[in-house]
Amino acid sequence: MPSCSRICGPTKVAELRDGQVKEYAIEPEQFGFKRCRLEELHGGNADQSAAIVAGVLDGKKSAARDVVLLNSGAALYVSGKAATIQDGIGLAAESINSGNARQKLSQLVEMTNAA
């Protein structure tokens, strides 16, 4: 299974499929992403982090969005919802671009506040 993907450099992957472990590395460029500096991903305080999340959900192009897409793509691949990481990235981008991701977050916030 792919590990948490980084946009700052290569990510080592150990994937278990059909009883076999396959090890490889993925690079951000394989998926059309540019590398970034780690500092570009730091959120700071709660307000700054919330602004970054809002930007990602609004479709703002950024290193944060690229990380979300790459990690979501890997998660969708591992879960079997996508045939490849690239397909998963496409599904994640579609969810963000359509507003579905923002709607789900709003629902989660409402449920959490009601509890």
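The values are calculated or read from the model by the stated rules, or taken from the named source; none is laboratory data. Just so it is clear, the model here is predicted, and its values are computed rather than measured. Ideal geometry is used to build each Cβ from the backbone, glycine not excepted, and the neighbour counts take in all protein chains shown.
Here is how the numbers come out for the structure above:
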item	result
Tally of residues being basic (Lys, Arg), in a loop (DSSP other than H, G, I, E, B) and at pLDDT below 90 across segment 9-64	1
Members of segment 40-82 that are loosely packed, with under 13 Cβ neighbours inside 10 Å and on the phi > 0 side of the Ramachandran plot	44, 80
Unmet criterion (only one of (1) within 30 Å of residue 18 (Cα to Cα); (2) hydrophobic (A, V, I, L, M, F, W, C); (3) out of contact with any helix residue (DSSP H, G or I) (no Cβ under 9 Å at 6 or more places or on another chain)) for residue 46	(1)
Matching residues, segment 83-113, being assigned to a loop (DSSP other than H, G, I, E, B) and crowded, with 21+ Cβ neighbours inside 10 Å	none
Odd one out for residue 33, checked against (1) surrounded by 12 or more Cβ atoms within 10 Å (Cβ to Cβ); (2) on the phi > 0 side of the Ramachandran plot	(2)
